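Take a look at the structure below.
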Amino acid sequence: MSYEFLQTLWFILIAILWIGFYFLEGFDFGVGMLLPFLGKKDEERRAIINTIGTFWDGNEVWLLTAGGATFAAFPHWYATMFSGFYLPLFLLLVGLILRGVSFEYRSKSPDPKWRNRFDWMIAIGSFLAALLLGTAFANLAKGVPIDANMNYVSPNGLVTTISLLNPYGLIGGLATVAVFLLHGANFLTLKLDGELRERAHALSKKLYWIALVAVILLTIGTYVYTDVLTKIGVNPGIIPILSVVALVSSIYFINQRREGRAFAAVSAYIVLTQVSFFMLMFPRVMISSLKPAWNLTIYNASSSQYTLTAMTIIALIFVPIVLAYQAWTYYMFRKRITVEKKDLVY
Amino acid sequence: MNPTLLSQWQFALTSIYHWLFVPLTLGMGWFVAYMQTRYYQTRDETWRKMAKFWGKLLLINFAMGVVTGIVMEFQFGMNWSGYSRYVGDIFGAPLAIEALLAFFMESTFLGVWIFGEGRIPEKVHLASIWLVAIGSNLSAIWILIANGWMQHPVGYVLNEATGRAELVDFFALIGNSKAWTFIWHTLAVGLVTAAFLIISVSAYHLLRKQNVDFFRRSLRIGAWVGLIASIIVFLGGHTMGQLMYEQQPMKLAALEAIWETEQPASFSLLTIGDLSGRREVWSIRIPYLMSFLACNNFDCEVKGVNELQAQYEAQYGPGNYIPLMVVTYWTFRIMMVFGFIMMGVSAWILLAMRREGYENRPGFKWLPWAVAMPYLAGMSGWILTEMGRQPWVVYGLLKVEDAISPNLTVADLWISLIGYTLVYGSLAVIMFRLMKKYALAGPEAAMHESVDVALSPVGADD
């Protein structure tokens with residue numbers, strides 16, 4: 001396998017990991033954010049958590065694997081991105097910590113205050129994570145100040161954080177939050193039953209419009225703030241167009257109560273948007289806003305051919321196995337969840 | 001404080017904190033899997049209750065291990081971008097493999113295990129807890145391969161063109177002798193930690209004559225595993241000493257406070273140095289013992305710190321190559337002393353259990369406190385192994401000051417350091433209280449799920 005082929009392959013593999021993460025953790029971030037609003041009574045909240053209880057931890061591993069794979073295949077990308085986004089990533093970690101611990105600890109005491117506090121930590125942690133990821137990805141597409149030595153240039157982390165909250169970064173963050181909320185609501189209509197299912201359905205109708213507005217802003221912003229026009233042109237190609245079509249079509253399925261299709265449509269939007277993002281980036285992995293020559297690309301940021309070859313062999317063996325057993329768990333736990341006391345697992 | 005020191009503090013705190021949860025996860029998984037298997041075979045309700053009760057403690061602990069582990073993976077890039085660039089070609093691989101091979105497995109099947117009871121076939125439910133145990137231990141293996149490489153780099157070349165270390169032999173990386181002594185030492189530490197939690201909690205209940213059959217059975221398993229595993233830990237440690245003799249002589253000299261080269265080398269029971277830390281003032285020593293620990297015979301030469309310092313200066317240029325000896329010296333002793341005490345305590349329990357009414361024996365009332373020992377010993381061991389590597393990040397290859405992220409400022413680091421401390425501190429309080437509450441509530445509460453346990457809310461606002 002040639003070096004360039006391997007570098008491209010690993011770019012694609014890492015893109016797949018991020019896409020998988022957005023698709024999977026997208027709905028459990030959404031469910032997390034909706035938790036305190038959709039669930040009025042304790043059993044209802046428990047039922048909502050149980051829709052993702054089996055899966056959220058496995059979903060989160062997609063992020064860890066994306067991080068690990070980036071480290072192994074593109075050490076410079078990993079080093080520049082993680083050190084550059086230092087404080088936002090710190091906040092992301094805090095969000096993930098609060099969320100992860102709360103899933104396990106919220107039911108350990110019957111005290112309503114205790115439970116309510118953890119429920120809000122799940123919601124806030126999920127919100128923080130979604131917002132920060134969206135903001136970071138938008139800034140990756142827009143470009144960040146990277147110098148000749150591949151280091152992020154900024155007087156300090158606070159300045160970096162504020163500069164990441166530029167209009168496009170904010171739009172990216174809000175669009176991610178909005179789409180994940182919709183994705184989460186759709187997932188809940190699939191997994192819940194009874195009154196909660198109705199409530200989730202009603203909510204997803206409203207959330208659709210918020211998501212649509214956010215995505216339109218994101219699309220406009222992408223033309224204004226990124227180099228999509230020079231790199232790809234006014235016509236962005238079939239994939240981004242399909243992604244928007246998928247999102248727009250979801251309202252039809254939501255109204256028709258075709259819950260599976262509505263979920264699939266928003267999933268398709270998320271997947272295709274991520275694909276579009278990585279197509280816009282390729283072969284760059286970090287765009288320098290200071291000088292194009294200082295971009296990190298799959299060629300100057302990658303590991304050696306030997307390491308990429310070894311990792312490719314390992315990935316070829318184990319990725320199918322992981323995909324098979326994760327899919328199997330979704331199949332095993334496909335039943336709808338109700339608020340019947342006897343059915344709830346704590 | 002300078003940025004390097006702050007990043008070091010942060011890494012030390014976050015990794016020690018992570019290590020508070022990891023060994024119990026590593027060891028307890030095996031116990032729960034074993035108990036559930038026994039239930040599957042015998043249909044004896046007590047086994048089922050045991051799997052449930054100890055499983056509950058495992059779960060409370062597990063969550064913390066997972067979330068603090070994410071921080072570790074991200075920190076290499078966040079705080080140590082110089083390191084990540086220089087060794088990512090090698091070090092990234094085991095981390096990525098860990099996520100793919102182990103982390104997916106443990107987290108996916110943990111979910112299956114928690115939510116699967118009564119919903120999926122019993123065999124599958126049983127298999128899932130075994131997969132959790134295997135997955136978490138596999139995860140430790142890959143991390144220790146990564147860490148072993150930092151202690152004893154192998155299978156790489158320095159590439160002048162790219163200015164970094166690059167992997168040339170994957171099998172040397174995963175077959176690293178250093179890593180494998182770490183691995184069996186550490187996996188056994190996991191078992192010892194879980195065994196001592198079981199011993200302490202069981203003793204607490206037996207002293208109160210609660211659930212006697214349940215806790216006697218638990219105590220017996222705990223003591224057996226505690227004894228066997230602590231012997232393995234010792235043997236692993238002994239092998240480690242000999243590898244250190246060849247691979248990291250400075251660390252060996254520093255943990256023993258050997259200033260001048262000795263042949264044969266004596267073992268220090270107590271050494272007091274002067275304030276410069278470079279000279280010995282007074283010590284009590286056992287002759288020959290250090291030679292035995294270092295090379296398994298009684299007369300080899302063990303190099304002293306002063307000679308090694310001179311040698312390293314000649315080899316790597318001027319600088320201080322001596323680790324903080326007061327730390328390496330004392331952590332080694334804490335680790336070793338508790339290790340031996342745990343071995344003794346396990347054996348004592350097994351002997352005592354041969355007679356009826358052993359719960360009334362003097363000494364038994366101290367057992368509930370024994371659980372502190374594996375934690376103190378384990379933490380000391382890690383502090384020793386990582387501080388003993390200073391000033392190197394990768395032994396002989398990359399120094400700490402060249403490993404940091406150059407873009408981080410003191411302010412950034414203070415924000416994250418204080419942030420982690422606050423979040424971790426409050427979570428530690430919550431987690432400790434939960435553990436204690438569930439451990440002391442006994443098996444009935446664990447059977448009835450979480451709802452029945454009354455727990456006073458944490459936090460001052462209510």
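Let's see how each residue does on (1) without any contact (Cβ under 8 Å) to a residue 24 or more places away in the chain; (2) within 19 Å of A:Ala129 (Cβ to Cβ):
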{"site": "A:Phe187", "(1), (2)": "no, yes"}
{"site": "A:Leu190", "(1), (2)": "no, no"}
{"site": "A:Leu196", "(1), (2)": "no, no"}
{"site": "A:His201", "(1), (2)": "no, no"}
{"site": "A:Leu207", "(1), (2)": "no, yes"}
{"site": "A:Ile220", "(1), (2)": "yes, no"}
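Any chance the range A:306-320 includes a residue that's touching a Ser or Thr at 6+ places or on another chain (Cβ under 9 Å) and surrounded by fewer than 19 Cβ atoms within 10 Å (Cβ to Cβ)? Break it down into steps so the answer makes sense when it comes.
Taking the range A:306-320 as the starting set, the residues that turn out to be touching a Ser or Thr at 6+ places or on another chain (Cβ under 9 Å) are A:308, A:311.
Right, trim to surrounded by fewer than 19 Cβ atoms within 10 Å (Cβ to Cβ) and you get none.
No: zero hits.
What about A:Trp120, is it among the hydrophobic types (A, V, I, L, M, F, W, C), surrounded by fewer than 24 Cβ atoms within 10 Å (Cβ to Cβ) and over 22 Å from the mean Cα position of the chain (by Cα)? Working first, answer last.
On the way: among the hydrophobic types (A, V, I, L, M, F, W, C): yes; surrounded by fewer than 24 Cβ atoms within 10 Å (Cβ to Cβ): yes; over 22 Å from the mean Cα position of the chain (by Cα): no.
The answer is no for A:Trp120.
Yes or no, residue by residue, for (1) open to solvent by 30 Å² or more (accessible area, probe 1.4 Å); (2) in contact with a Ser or Thr (Cβ under 7 Å, 6 or more places away or on another chain):
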{"residue": "B:Leu144", "(1), (2)": "no, yes"}
{"residue": "B:Gly148", "(1), (2)": "no, no"}
{"residue": "B:His152", "(1), (2)": "yes, no"}
{"residue": "B:Asn159", "(1), (2)": "yes, no"}
{"residue": "B:Thr162", "(1), (2)": "yes, no"}
{"residue": "B:Asp169", "(1), (2)": "yes, no"}
{"residue": "B:Asn176", "(1), (2)": "no, no"}
{"residue": "B:Trp184", "(1), (2)": "yes, no"}
{"residue": "B:Leu187", "(1), (2)": "yes, no"}
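Can you pull out the residues in the range A:1-32 that are charged (D, E, K, R) and under 28 Å from A:Ile52 (Cα atoms)? Give the steps one after another, and end with the answer.
If we filter the range A:1-32 for residues that are charged (D, E, K, R), which is where we start, we get A:4, A:25, A:28.
Listed by number, the residues that qualify are A:Glu25, A:Asp28.
Restrict the check to the range A:262-276 and report whether at least one residue is at the interface with chain B (Cβ under 9 Å from one of its Cβ atoms), open to solvent by less than 60 Å² (accessible area, probe 1.4 Å), within 28 Å of B:Thr108 (Cα to Cα) and in a helix (DSSP H, G or I).
Residues of the range A:262-276 at the interface with chain B (Cβ under 9 Å from one of its Cβ atoms): none.
So far as the range A:262-276 goes, no, none of its residues is at the interface with chain B (Cβ under 9 Å from one of its Cβ atoms), open to solvent by less than 60 Å² (accessible area, probe 1.4 Å), within 28 Å of B:Thr108 (Cα to Cα) and in a helix (DSSP H, G or I).
If the requirement is being aliphatic (A, V, I, L, M) and over 30 Å from B:Ser84 (Cβ atoms), which of these qualifies: B:Ala127, B:Ala99, B:Ala140?
On the way: B:Ala99 fails: over 30 Å from B:Ser84 (Cβ atoms); B:Ala140 fails: over 30 Å from B:Ser84 (Cβ atoms).
Selected residue: B:Ala127, the only one of B:Ala127, B:Ala99, B:Ala140 that is aliphatic (A, V, I, L, M) and over 30 Å from B:Ser84 (Cβ atoms).
Residue-wise test of (1) surrounded by fewer than 19 Cβ atoms within 10 Å (Cβ to Cβ); (2) closer than 27 Å to B:Val154 by Cβ.
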residue	(1), (2)
B:Ala314	yes, yes
B:Tyr329	no, no
B:Arg354	yes, no
B:Pro362	yes, no
B:Ala370	no, no
B:Gly378	no, yes
B:Leu384	no, yes
B:Val394	no, yes
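So if I check each of B:Ile60, B:Ile90, which one is within 11 Å of another protein chain (Cβ to nearest Cβ) and out of contact with any Lys or Arg (no Cβ under 8 Å at 6 or more places or on another chain)? Please lay out each step first, then the result.
Numbers: B:Ile60 fails: out of contact with any Lys or Arg (no Cβ under 8 Å at 6 or more places or on another chain).
Answer to the selection: B:Ile90.
Taking the range B:23-62 on its own, how many of its residues are within 17 Å of the chain's Cα centre (by Cα), open to solvent by 10 Å² or more (accessible area, probe 1.4 Å) and of a type in the set (A, V, I, L, M)?
0
For A:Pro155, work out the one condition from (1) in a helix (DSSP H, G or I); (2) farther than 30 Å from B:Ala439 by Cβ; (3) out of contact with any Leu (no Cβ under 8 Å at 6 or more places or on another chain); (4) open to solvent by 10 Å² or more (accessible area, probe 1.4 Å) it doesn't fulfil.
Tallying (1) in a helix (DSSP H, G or I); (2) farther than 30 Å from B:Ala439 by Cβ; (3) out of contact with any Leu (no Cβ under 8 Å at 6 or more places or on another chain); (4) open to solvent by 10 Å² or more (accessible area, probe 1.4 Å), A:Pro155 fails exactly one: (1).
Among the residues of the range B:17-34, which ones are more than 14 Å from B:Leu187 (Cα to Cα) and either of a type in the set (Ser, Thr, Tyr) or touching a residue at least 60 places away in the same chain (Cβ under 8 Å) (or both)?
Taking the range B:17-34 and keeping what is more than 14 Å from B:Leu187 (Cα to Cα), we get B:17-18, B:20, B:32-34.
Once the filter is applied, which keeps residues that are more than 14 Å from B:Leu187 (Cα to Cα) and either of a type in the set (Ser, Thr, Tyr) or touching a residue at least 60 places away in the same chain (Cβ under 8 Å) (or both), the range B:17-34 yields B:Tyr17, B:Leu20, B:Val32, B:Ala33, B:Tyr34.
The values are calculated or read from the model by the stated rules, or taken from the named source; none is laboratory data. Note that the structure is predicted; figures quoted are calculated from it, not measured. Glycine gets a Cβ as well: all are built from the backbone with ideal geometry, and neighbour counts include every protein chain shown. Heads up: the accessible areas ignore ligands, DNA and RNA and are worked out on the full protein's heavy atoms, side chains in. Shrake-Rupley method; radii C 1.70, N 1.55, O 1.52, S 1.80 Å.
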